[in-house]
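Following: one structure in structure tokens, then a few remarks.
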Amino acid sequence: AKQIIDGYNVKSNNNNYEVIELEKRPDCSQIQSYLKTLTGASTVPRIFVCGKSVGGCDDLVKLHESGQFREMLSECGVV
């Protein structure tokens, strides 16, 4: 997922883009539980665009291949 996003030249210092490495956090299980409540899935990655969940890695690949992901990022002003 990070490789696809990096291909859009979205900068990690952009206020609209953040990667959170759950496995490095002591509250990993609590965050995954919250993700399940919020999105219906606790697996990672969970990708959000403009604050809206667009799914996981497989969903991102489909959005990327269809061109929809670029449209979403453009609408948010991230690319």
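Read-outs: derived from the displayed coordinates by stated rules, not from any lab. A quick note: this is a predicted structure, and the numbers were derived from the prediction, not measured. Cβ sites come from the backbone with ideal geometry, for glycine too, and all protein chains shown count toward neighbours.
Comparing T43, S33, G67 along the charge dipole axis of region 2-76, the residue lying farthest to the positive side is S33, per the Cβ-charge model.
Residues of the chain were split at every exposed loop site, defined as GluC sites (Glu not before Pro) in a DSSP loop with at most 10 other C-beta atoms within 10 angstrom, and the longest piece left, sites excluded, is 22-79.
The charge dipole of region 2-76, taken about the Cα centre with unit charges on the Cβ atoms of Lys, Arg (+1) and Asp, Glu (-1), comes to about 120 debye, rounded to the nearest 20.
According to the calculation over all Cα-Cα pairs in the chain, the P(r) per 10 Å bin from zero is 17, 52, 28, 3 %.
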